[in-house]
1. I'd like to know how segment 166-250 sits against the 2.2 N^0.38 Å rule of thumb: what's its Cα Rg over that expected value?
2. Less than 20 Å from a label point 7 Å out along the Cα-to-Cβ axis of Leu30: which backbone N atoms in segment 101-144 qualify, by residue?
3. Around Met263, under 15 Å between beta carbons, what's the net of Lys plus Arg minus Asp minus Glu among the other residues?
4. Just to confirm a number: summing +1 for Lys and Arg and -1 for Asp and Glu over residues other than Ile38 whose beta-carbon lies under 15 angstrom from that of Ile38, what do you get?
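Derivation of every value follows stated rules applied to the coordinates shown; laboratory data play no part. Since the model is a prediction, treat every value here as computed from it, not as a measurement. Every residue, glycine among them, receives a Cβ derived from its backbone with ideal geometry; neighbour counts consider all protein chains shown.
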Amino acid sequence: MSKISGKKLVETLKNKGKNLEAEMSFFDHLEVLRWHLIRSAIAIVIFMIVAFTFYDFIFDDVIMGPKSADFWTYRVMCRIADWLNTPDFCVTEVPGIIINTQMAGQFILQINSSLIIAVMLGFPYLLYEVWLFVKPALTDIERKSASGFVLYASLLFILGVLFGYFVVVPLAMNFLANYSISGDIANTITVQNYLSFVATLTLGCGIIFELPIIIFILSKLGIMTPQFMRKSRQYAVVIILIIAAIITPTPDIITMLTVSFPMFILYELSIVVAARVHKKRMKADLDFYKGETKQQD
C-alpha cells in the first residue's frame with residue numbers, strides 16, 4: 001500500500017508541477033500582452049499630442065475640408081462636368097450650418113477628433129504590435145508566409161481611408177446636404193454629428209479595404225476557399241451593391257458604381273489570395289503524404 005501511495009504522490013507532484021508550469025506560461029503571455037498594450041497606448045498618446053499641436057490645420061483643412069466647395073474632390077467633379085457638359089455634376093456649394101449645442105462641445109470635439117487622427121496615424125504601429133505578439137506562436141513557414149502582414153495591411157488601410165475621405169465622404173455629403181423635403185426645414189448639423197459622419201465613413205472604408213487580409217487569414221485557417229468565393233460571386237455582387245447604396249444614399253447610379261468598383265476589385269483580389277493559400281496548402285499536404293509513403297516503403 002505504501003508503494004502504491006508513494007507512486008500516486010509522485011504522480012500528483014508531477015501533475016501539479018506541469019499545471020504550475022502551464023499557469024506560469026499563461027501569466028507570462030499576459031505579461032507580454034500587457035506590454036504590447038502599454039506601448040500601443042503610448043503611441044496613441046504621442047500621436048494625439050501631435051494632433052493637438054497641429055489642430056488648426058487638422059480641423060480647418062482636414063475635418064472641415066469636405067464641407068468646403070474648394071475641396072479637391074469637388075474641383076475634380078467640376079472639371080469633369082465641364083468636360084462632359086453636365087453642369088449639375090459640379091459642386092459649387094455644400095449647404096448647411098454646423099453648430100455646437102453643448103458647453104464643452106468644442107473641447108470634446110478636439111479630444112475625440114485628435115483621438116481619431118491618432119488611431120489613423122498609429123494604425124501601422126498597432127498592427128506591428130499585433131504582429132510582434134502573434135509572431136512567436138507561428139512556425140517558421142507561417143512566419144515567412146505572413147512576413148508582409150504589417151506592410152500590406154497598412155497599405156490597404158491607407159488606401160481605404162483615402163478612398164473614403166476623398167470619394168465616399170464628399171459624394172455622400174453633397175447628396176445629403178442638398179437633399180430637402182421642404183424649404184421650411186433648414187439643415188443645422190451639430191459638430192459632433194458631422195465628425196461622426198466623416199470619421200465613420202473614412203474608417204469604415206479603411207476597414208473594408210482590409211478584406212484581402214481577412215480572407216488570407218481565413219484561408220490559412222481553412223475556413224475560406226477560392227471555390228466557395230467563386231461560387232458566391234453573384235451573392236457578393238449583390239451585397240457589395242447594397243453596401244455601396246448604404247454608404248452613398250444617392251439615386252445616382254454612377255456614384256454608386258464609383259463606390260462599389262473598388263469593392264469588386266478587392267473581392268477578386270481576395271479570390272486570388274485565397275487561391276494562392278489553397279495551392280500552397282495542397283502542395284504541403286502532397287509533400288507530407290509523399291514523405292509518409294517513403295517512410296512506409
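1. 1.49
2. 133-134, 137
3. Result for the local shell: -1.
4. Result for the neighbourhood of Ile38: 0.
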